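Derivation of every value follows stated rules applied to the coordinates shown; laboratory data play no part. Bear in mind that the values here come from a model prediction, so they are computed numbers and not experimental data. Heads up, the Cβs are rebuilt from the backbone with ideal geometry, glycines too, and the neighbour counts pull from every protein chain shown.
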Amino acid sequence: MGKILGLKCRETGRKYEKKPIHVCEMSFAPLEVDYNYEKIKKTISRKSIENGPLSMWRYADLLPLDGEPVTGLNTGFTPLIRARNLAEALGTKEIYIKDDTVCRPTLSFKDRVVSIATSKAVEFGFDTVSCASTGNLANSVSAHAAIAKLDCFIFIPADLETGKVVGTSVYNPVVVGINGNYDQVNRLCSEISDVYKWAFANINIRPFYAEGSKTLYFEVVEQLGWQPPDHIIAPAAGGSLVTKMAKARREFEMMDLIEDGSHTKIHVAQADGCAPIVNALKEGSTFFKPVKPNTIAKSLAIGNPADGIYAIETVKESGGYGESASDDEIIDAMKLLASTEGIFTETAGGVTLAATKKLIESGKIGRDESIVVLITGNGMKTIEAFNGQLNKPHVIDPRLRSFTQLMEAI
Ligand SMILES: Cc1ncc(COP(=O)(O)O)c(C=O)c1O
């Protein structure tokens with residue numbers, strides 16, 4: 001028997017064989033990968049991981065591939081940066097940036113999930129990959145499809161940022177812009193997936209795809225010397241990343257890689273203009289009310305998050321909170337991260353840092369505790385956010401006199 005037993009319903013525990021399906025036919029709840037942990041425990045250790053490749057594949061024992069990965073060989077193991085200047089600015093002792101602005105190949109954490117989805121699509125024998133995307137997933141699926149020589153169809157809201165569209169089209173997939181928001185794109189893709197037998201990263205391959213997010217937490221813990229941080233702040237769109245932080249922690253505990261009872265509070269960050277999960281947490285509800293998104297953080301603009309209720313449950317169980325940020329606060333946080341740590345994040349990272357700042361100010365995160373902020377995408381993808389927000393370059397003639405005049409004027 002291999003390390004993967006099959007799929008399992010999150011609600012009823014009903015078991016399914018390993019195949020490209022994502023909901024339980026009895027409960028309609030999502031399916032999750034069911035691992036043979038007893039078998040994995042016999043071989044995994046801190047040493048076996050440390051001897052692995054400098055990529056997310058050092059955790060391959062806890063990822064759902066049967067064979068070797070076909071793409072994303074350099075994905076993951078991004079820097080965890082001790083952010084001393086930022087700590088000073090926020091009045092905290094120990095804050096770290098998990099820097100997925102440099103995740104390869106497409107500069108966001110989505111490469112982690114897509115590395116799994118693409119390899120899984122190949123294992124299942126698909127010749128076409130596809131996705132509904134708020135931008136980063138589109139970039140990543142297109143790049144990985146190019147590497148794996150698969151056909152590729154991408155569905156996005158027609159009004160995405162230029163960086164996200166160009167960063168998709170350059171890999172030459174078929175890109176379809178939909179006149180509508182992500183939730184409408186996603187609904188359409190569900191219908192398309194009933195007709196076209198493609199591997200949709202976040203539909204029929206979703207149980208496998210979602211497992212890639214765990215590697216963010218695995219890396220953070222290893223990079224902190226096998227010590228879980230007191231707090232982790234994660235952005236949420238569909239809510240999958242948040243839930244996988246808790247699964248990753250549980251698995252490391254089960255595998256005896258961290259101490260029993262070691263704890264991390266998981267906090268969730270969303271934009272004011274699209275905060276169904278955070279609103280529910282603030283109202284003390286276990287359900288969320290879908291919203292119509294209106295925010296500059298387009299990559300997080302999912303008003304009806306597929307894993308919303310599980311994200312709420314995860315945050316509550318961990319003792320964490322939720323916080324949201326206005327467009328102005330998002331821009332300020334992007335500038336703060338750039339000016340303190342030299343890291344240029346996309347709007348999603350602005351959301352996460354702005355929420356972190358609020359959680360510290362409200363005392364939900366202690367100033368003496370260890371804090372990890374997940375910065376999940378690169379700022380070059382969302383430069384529109386800074387329209388009219390930054391000083392323009394000084395333009396002068398190529399003469400020393402012109403420069404001297406400029407120096408006198410500024
Ligand atoms: C940069 C970035 N961060 C975070 C997320 C949230 O991921 P999830 O849908 O798993 O909540 C996304 C989703 O598209 C994203 O693009």
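Values computed for the structure shown
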| quantity | calculated |
| --- | --- |
| Answer residue from the stretch 121-141, given it is more than 19 Å from the chain's Cα centre (by Cα) and part of a helix (DSSP H, G or I) and is surrounded by the fewest Cβ atoms within 10 Å (Cβ to Cβ) among those | Glu123 |
| For Thr168: the one exception among (1) within 16 Å of the ligand (Cβ to nearest atom); (2) within 13 Å of Ala201 (Cα to Cα) | (2) |
| Whichever residue in the stretch 22-37 is aliphatic (A, V, I, L, M) and free of Cβ contacts under 8 Å to residues at least 60 places away in the same chain and, among such residues, is surrounded by the most Cβ atoms within 10 Å (Cβ to Cβ) | Val23 |
| Only one of Thr12, Thr75 that is of a type in the set (S, T, N, Q) and either closer than 29 Å to Glu369 by Cβ or buried (at least 16 other Cβ atoms within 10 Å of the Cβ) (or both) | Thr75 |
| Conditions (1) surrounded by fewer than 24 Cβ atoms within 10 Å (Cβ to Cβ); (2) in a loop (DSSP other than H, G, I, E, B); (3) within 13 Å of the ligand (Cβ to nearest atom); (4) touching a residue at least 60 places away in the same chain (Cβ under 8 Å); number of the one not met by Thr295 | (4) |
| Residue match in the stretch 197-208 (condition: in a helix (DSSP H, G or I), touching a His at 6+ places or on another chain (Cβ under 7 Å) and of a type in the set (Lys, Arg)) | yes |
| Candidates Phe109, Phe77, Phe124, Phe153 - the one that is away from the ligand (no atom under 16 Å from the Cβ), among the aromatic types (Phe, Trp, Tyr) and closer than 29 Å to Pro229 by Cα | Phe77 |
| Those residues of the stretch 231-261 which are in a loop (DSSP other than H, G, I, E, B), away from the ligand (no atom under 16 Å from the Cβ) and buried (at least 16 other Cβ atoms within 10 Å of the Cβ), in sequence order | Met255, Leu257, Ile258 |
| Gln270, sole failed condition from (1) surrounded by 20 or more Cβ atoms within 10 Å (Cβ to Cβ); (2) without any contact (Cβ under 8 Å) to a residue 24 or more places away in the chain | (2) |
| Only listed residue being out of contact with any His (no Cβ under 7 Å at 6 or more places or on another chain) and under 27 Å from Glu323 (Cβ atoms), chosen from Val220, Val170 | Val220 |
| Any hit, the stretch 127-145, residues being among the charged types (D, E, K, R) and either within 16 Å of the ligand (Cβ to nearest atom) or in contact (Cβ under 8 Å) with a residue 40 or more places away in the chain (or both) | no |
| Scan of the stretch 155-173 for residues that are farther than 12 Å from Leu137 by Cα and in a helix (DSSP H, G or I), ordered by number | Thr162, Gly163, Val166, Ser169 |
